[in-house]
Amino acid sequence: MLCVRRIPVPLPGVTPGKVDARSERWREHRKKVRAEIVDAAFAAIDRDGPQVSLREIAAEAGTAKPKIYRHFNDKADLFAAIGKRLRDMLVAAIFPTIDLATDPTREVVRRCVAEYVNLVEQHPNVLRFVLQGRFPEPAESTTRGLNEGREITVAIAGMFNNELSDLHLEPASLDLAAAACFGSASTATDWWLGADPDSPPRMPTEKFVAHLTTIMLGTIQGIADLLDIDLDPDLPLRSATPRNEPARHA
């Protein structure tokens, strides 16, 4: 029986193995428009408060609501994009300022908290918006938006784990520490800002940074105790040792 091999014939105007230029241009255009809409959302929330509507965001972007839905699947998708923007801003501010190999743990935590509080002060209404889940479908929106924030503490926990890799820490304990730190920070921020956008923060910034740093250190120290690790917050993280073993020198 004669076997005939079918050879694929390229479509007219399409070069095999190459990315469709029109699809690539559309992806880049969609990425650009999504970023512009998130910019508009920040501006509208900063100005009008966390109760801002999608119509007001669209007006700020100079477009109509239907166009937003062409670039975002739903309100929860836009909510998550706002949370991701906050996450990226915070990561860009934090990571260049810390060195876990040489900085005392206390100082690392203080700088992380200080950069976070600085971002809160720049965009208090956006933080209220994200933490309070202001869009409809609050359960899904809040979960997707806050997940972006949790990724920051997870990334920091990963850095801690890299410094302590020879101690073979339990991953679940690090995940718990990250979740506890994020929960403490988000709840404390919600309390500090208050529900009313017109009300001043409930504590001076410097005092809030100091208090939140102590809370974060307490959480980290508590996890170290659970893992039976000696952690001196005034030494670099790599100085931490399992209990009943000789201390290592930094």
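Summary table below
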quantity	calculated
Two-site FRET efficiency, GLU56 against LEU176, from Cβ-Cβ distance with R₀ of 41 Å, rounded to 0.05	0.55
Rough spin-label spacing in nm, given labels placed 7 Å along Cα→Cβ, for ASP39 and ASP77	2.1
Distance between modelled label sites at LYS65 and THR205, nm, 7 Å Cα→Cβ extension	3.7
Rg/Rh (Cα only; Kirkwood hydrodynamic radius) as it applies to the stretch 48-102	1.19
Computed accessible area, LEU176, all protein chains, 1.4 angstrom probe, square angstrom	100
Dipole moment magnitude, nearest 20 debye, the stretch 35-129 about Cα centre, only Lys, Arg, Asp, Glu C-beta charged	300
Calculated from backbone phi, Karplus (6.51, -1.76, 1.60) coupling profile of the stretch 175-191 in Hz, x at Gly/Pro	4, 5, 4, 4, 5, 5, 5, 5, x, 5, 5, 5, 5, 5, 5, 4, 5
Nitroxide proxy distance, nm - points 7 Å out along Cα→Cβ at PHE95 and LYS32	2.6
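The values are calculated or read from the model by the stated rules, or taken from the named source; none is laboratory data. These figures come from a predicted structure and were not determined experimentally. Every residue, glycine among them, receives a Cβ derived from its backbone with ideal geometry; neighbour counts consider all protein chains shown. To get the accessible areas, we keep the full protein, side chains included, count just its heavy atoms, and leave off ligands, DNA and RNA. Shrake-Rupley method; radii C 1.70, N 1.55, O 1.52, S 1.80 Å.
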